[in-house]
Structures are given as structure tokens and as C-alpha cells.
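Reading through the C-alpha cells given below for one structure.
Any read-out appearing in this document is the output of simple, stated calculations on the displayed coordinates, not a laboratory observation. Since we're looking at a predicted model, the values are computed, not measured. Note: ideal-geometry Cβ built from the backbone for every residue, glycine included; neighbour counts use all protein chains shown.
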Amino acid sequence: MRKPIVVGNWKMHKTVEESVELVEELKPLVAEIGDVEIGVCPPFTSLSEVSRVLRGSNINLGAQDMYWEPQGAYTGEISAGMLLSVGCRYVIVGHSERRTYFGETDEWVNRKVRAALEAGLVPIMCVGETLEQRQKGITQEVVDRQVTEGLRGLSPEQVAGMVIAYEPVWAIGTGLTAEPEQAQEVQAFIRARIRQLFGEEAADSVRIQYGGSIKPENAREIFLQPDVDGGLVGGASLEADSFARIVRAAM
Ligand code: PEP
């Protein structure tokens, strides 16, 4: 049995003060929940303070990106070791906004995933097709390439311990949500590919989240799908009550 995992991606929102306020509000709302893994990914500037507030709670900390080198002259970048030093457990890698606005390639995503795993972070690797690609009927082809390239060189054990987020680009921040059956279809495909590439155990263990305009109102129906192991939540994670309701929907 895979434990569902619900993670909030705050993107470029919240000052340090606002971040602390949000997690202070969230903590008691989810304190009793043990059968869903919970995480929040604030901006880099808030990680340290949020980490302090989350200490001893059932909410884990994650970052929204990282660089694959351990240190060096890479102005503006953050390493896996730095994320670990502020208490991060997860790092989102290959989010579609990074692929679209910052030119991230599958090869970069793969380097980041490998560096995260080697350092002891749990990567949340995002994949998903654009509207144009869906309309062209090449969703599986696109997702197949992102999964195959993104996971290149990993061991079955490493794949088993990570998280993949299927996020159709047309559903992110648009208010459009994939139908539960659409999410299930692609996520079952991803798991089947992982089975072919890395074997039964990795496929059965890897958690595959859905992401794209999840709200308290639509979360349960999506989370009920057999290959959906929770969600990556953007907009609705910026408010404690709506995020807590989404976490509950995964119970
Ligand atoms: C995301 O950015 O990962 C996401 C799913 O955003 P939203 O929930 O706002 O669509």
C-alpha cells in the first residue's frame, strides 16, 4: 500500500512573515492526520523560518528547485546540501513553469533528480503535456520521454523512493482540472512504463501525484483513482483551510 502524499507548491508567493503565518495556521488543522504524508514548498527565502515552525509537526518541508552541483561559482543557485541544512525533505524538480520560462530540459531534470537522490532528498519530478500536445494526441509520447529521460541512470531502489507529479500543463493555474479518468489513464501509463524500465517493486512503490487546479471540491474524486497517490497543489495551498481540506480528501 502506497501512502498518499499531498504537497503544497507556493511558487513565488509569501514573504517570510506571511509564510510563518500560513504554517502556524495549517499545523493544528492537520495535526491529527497520520495516514497522509504532508509537505509544503515555500520560496527559498522562507525555508529556514518555516522549518523552525514545523519542527516536531507532521508537515514536511520541501524546496521548489535546486542545482545539481554541490557548490561553486553558480550565482543565484542553491544546492541539495543547502536544502538539507535547512531541514528540507523534498525538492520539486522539472516543474512545467521551470521548463517553460527557464528552459529546463529533460537532461537538466535528470541531473537534478540524481543529485537530489544522492544527497538524500526526495525528488518530486514533474511531467505533463501541453494543451497542444494533448490535442495532437501525443500525450503518452511526451510523458514517456519526460519519464524515461528524467529517470535515466537511476536504480530501481532510487525510483521506488521518489515521487512523480503528473501535471498536465493546461490544468496548472487555469482552473481546468483533468477529469479523474484522464489523470488515471496517464498515471497508469507512467506506472506501466516504470514497471518496464525498473521492475515490479519500483512501479508498485513509486508515488505518482496528480497536479493541476486541485481544489477541496474536486480533490477526493481525483485521489480515489487507483494510480493517483495524492497531489501537488499550487494555488489552493496558499490558504491553510483549503490546503487542509485537500489533505483530508486524500485520507
Ligand atoms: C502546480 O504548480 O504544481 C500546480 C498544480 O498549480 P495549481 O494547483 O495552481 O494548478
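A protection proxy built from the mean count of other Cβ atoms within 10 Å ranks the segments 39-46, 90-97, most packed first, as 90-97, 39-46.
Report the percentage of all Cα-Cα pairs in region 5-249 whose separation exceeds 30 Å, rounded to a whole percent. Of all Cα-Cα distances in region 5-249, 20 percent exceed 30 Å.
For region 1-85, the Kirkwood hydrodynamic radius comes to 13.9 Å, computed from all pairs of different C-alpha atoms. Just so you know, the Rg over Rh for region 135-240 is 0.97, from Cα atoms, with Rh as the Kirkwood radius.
Projected label points at Arg145 and Arg195, each 7 Å from Cα along the beta carbon direction, are separated by 2.6 nanometres. Checking understanding here: applying a Kyte-Doolittle mean of at least -1.0 and a length along the axis of at least 15 Å (C-alpha), which whole DSSP H helices in the chain pass? Membrane-span-like by this rule: 16-30, 106-119, 139-150, 180-198. Distance from the alpha carbon centroid of region 183-251 to that of region 63-77 works out to 28 angstrom. With the convex hull of the Cα atoms taken as the outline of region 57-173, the averaged projected area works out to 8.2 nm².
Highest average first, the peptides 100-109, 159-168, 114-123 ordered by how many other beta carbon atoms sit within 10 Å of their residues are 159-168, 114-123, 100-109.
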